[in-house]
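Participant: One structure, pasted below without further comment.
Each value in this text was obtained by applying a stated rule to the coordinates, not by laboratory testing. Source: prediction; values computed, not measured. Quick reminder, even Gly has a Cβ in these numbers, built from the backbone with ideal geometry, and neighbours come from all protein chains shown.
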């Protein structure tokens, strides 16, 4: 896959089969669009092109410029899109100036003049241009002016529920990991560097690796204890992870700590990826370290059973 960080890097194609969107999470709904994009490109002997935006448009155009909780960082999105099999990925810097482009300017300047679009594949209810004025209906009405074919993909439903990034975010914030993973078509994951903590886990027999997530916008699931798979150095390990402020110990700030089963290496400064499988309980305050240790031992048994 060729990756372009800006439109100026892209060389116009003879037969571009294009789609555009934020593709946060690259979930099952997105993959339906991507699969069709690749299929049309193969049928027409064209080249598949995905246009996406960074940062997330809502962080630029929302009045309070608030952070959007992302299902995938830019690097994760690139990796997921590459796995989908597309040929070209164009990452457009989303600025206030870019947000002022009308739908007609977006079509003429970007889709036609820059990319060389011959077929446009768009998802259900996709909007583009200033104030989201562009739509499938708009394109259909003006199709003769553009010289490219247009195809809309119907909503991807799972058990009659429309898949969307917002629904996946809510599931993660509610602790419903299995629903989120179901909609994603994969396990939700986050990555980070291992930093030194207070090393309390060692004293009670359950050493943990403290994960510092680099991307501030990356969505962290709700507090609680989770069964997780751990990716380290090309190996898949098993573990249990706690997200919370450790109320039994200090309760001052949130940490993400994972106890990796059958693992005793020092890995400070190294990277870990955790995949969330199931939330097993809420975070709670115990009457001292002995009670905490007893509960963690039970948690390990529960997580081991889940991860079999």
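Participant: With the contact rule set at Cα under 8 Å and sequence spacing of 6 or more, what percent relative contact order holds for region 1-96?
Facilitator: On the way: 141 pairs, mean separation 43.7, N = 96.
Over region 1-96, the number comes to 46 percent.
Participant: Could you tell me the relative contact order of the chain? Use alpha-carbon pairs under 8 Å, at least six residues apart, and round to a whole percent. Please report the intermediate quantities before stating the final value.
Facilitator: Details: 577 pairs, mean separation 50.8, N = 308.
Answer for the chain is 16 percent.
Participant: Moving on to the next point. Calculate the radius of gyration of the Cα atoms of region 222-294 to one decimal place, then report Dmax, the largest Cα-Cα distance, as a whole number, both in Å.
Facilitator: Values for region 222-294 (Cα only, Rg and Dmax): 13.1, 39 Å.
Participant: Now a separate question. Fully extended, how many nm does the chain gain between residue 133 and residue 301 (0.36 nm per residue separation, minus their Cα-Cα distance)? Provide the component values of the computation, followed by the final result.
Facilitator: Numbers: separation 168, 0.36 × 168 = 60.48 nm, distance 5.37 nm.
Answer, rounded to one decimal: 55.1 nm.
Participant: Tell me, in nm to one decimal, what length is gained between residue 4 and residue 235 on full extension, where the rule is 0.36 nm per residue of separation less the Cα-Cα distance?
Facilitator: Numbers: separation 231, 0.36 × 231 = 83.16 nm, distance 3.06 nm.
Separation in residues times 0.36 nm, less the Cα-Cα distance, equals 80.1 nm.
Participant: Still on this structure, I have one more. What is the Å³ per residue value for the convex hull set by the Cα atoms of region 2-161? Walk me through the numbers on the way to the answer.
Facilitator: Details: hull volume 19.1 nm³, N = 160.
So the per-residue hull volume is 119 Å³.
Participant: Same structure again: As a test of the formula, what do you get for the chain when each DSSP H run with n ≥ 4 contributes -39,500 (n - 2.57) and the sum is divided by the residue count, at 222 nm and rounded to the nearest 500 deg cm²/dmol? It would help to have the intermediate numbers written out before the result.
Facilitator: Details: 10 runs with 85 residues, N = 308.
Value at 222 nm, helices only, nearest 500: -7500 deg cm²/dmol.
Participant: Under 18 Å from a point placed 7 Å out from the Cα of residue 173 along the Cα-to-Cβ direction: which residues of region 210-234 have their backbone N that close?
Facilitator: Residues 216-224 fall inside that zone.
Participant: Residue separation times 0.36 nm, minus the C-alpha to C-alpha distance between residue 42 and residue 69: what's the value?
Facilitator: Numbers: separation 27, 0.36 × 27 = 9.72 nm, distance 3.50 nm.
Length gained between residue 42 and residue 69: 6.2 nm.
Participant: First check a/c for region 93-145, with a ≥ b ≥ c the square roots of the eigenvalues of its C-alpha gyration tensor; if it is under 1.5, answer rounded, and if not, answer prolate when a/b is larger than b/c or oblate otherwise. It would help to have the intermediate numbers written out before the result.
Facilitator: Numbers: a/c = 1.70, a/b = 1.24, b/c = 1.38.
Here region 93-145 falls in the oblate category.
Participant: Here's something else I'd like to know. Region 7-61 to region 250-304: how many Å between their Cα centroids?
Facilitator: Rounded to whole Å, the Cα centres lie 39 Å apart.
Participant: Continuing with this model, one more query. For a test of the definition: using alpha carbon positions, the gyration tensor, and the 1.5 limit on a/c, classify region 56-112 as rounded, prolate or oblate.
Facilitator: On the way: a/c = 3.38, a/b = 1.12, b/c = 3.01.
Taking the square roots of the gyration eigenvalues as a ≥ b ≥ c, region 56-112 is oblate.
Participant: Based on the mean of other beta carbon atoms within 10 Å per residue, what is the order of 265-271, 296-302, most packed first?
Facilitator: Numbers: 265-271: 11.3, 296-302: 14.7.
Ranking, from highest mean packing down: 296-302, 265-271.
Participant: Then there's this: With a ≥ b ≥ c taken as the square roots of the eigenvalues of the C-alpha gyration tensor of region 175-246, please select rounded if a/c is under 1.5 and otherwise prolate if a/b is larger than b/c or oblate if it is not? If you can, show how the numbers build up before the last one.
Facilitator: Values: a/c = 1.60, a/b = 1.54, b/c = 1.04.
Here region 175-246 falls in the prolate category.
Participant: Percentage of Cα-Cα pair distances in the chain greater than 26 Å, rounded to whole percent? Could the numbers behind the result be given before it?
Facilitator: Numbers: 24485 of 47278 pairs.
When all Cα pairs of the chain are counted, 52 percent exceed 26 Å.
Participant: With each label point set 7 Å from Cα along the Cα-Cβ vector, what nm distance links residue 284 and residue 140?
Facilitator: 5.5 nm
Participant: Next question, about the same structure. Can you pull a Stokes-Einstein diffusion coefficient for region 1-78 at 10 °C (1.306 mPa s), Rh from Kirkwood over Cα pairs, as a whole number of µm²/s?
Facilitator: Numbers: Rh = 14.1 Å.
Answer from the Stokes-Einstein relation: 113 µm²/s.
Participant: Among 42-48, 256-262, what's the highest-first ranking by average C-beta atoms within 10 angstrom per residue?
Facilitator: The densest-packed peptide leads the list: 256-262, 42-48.
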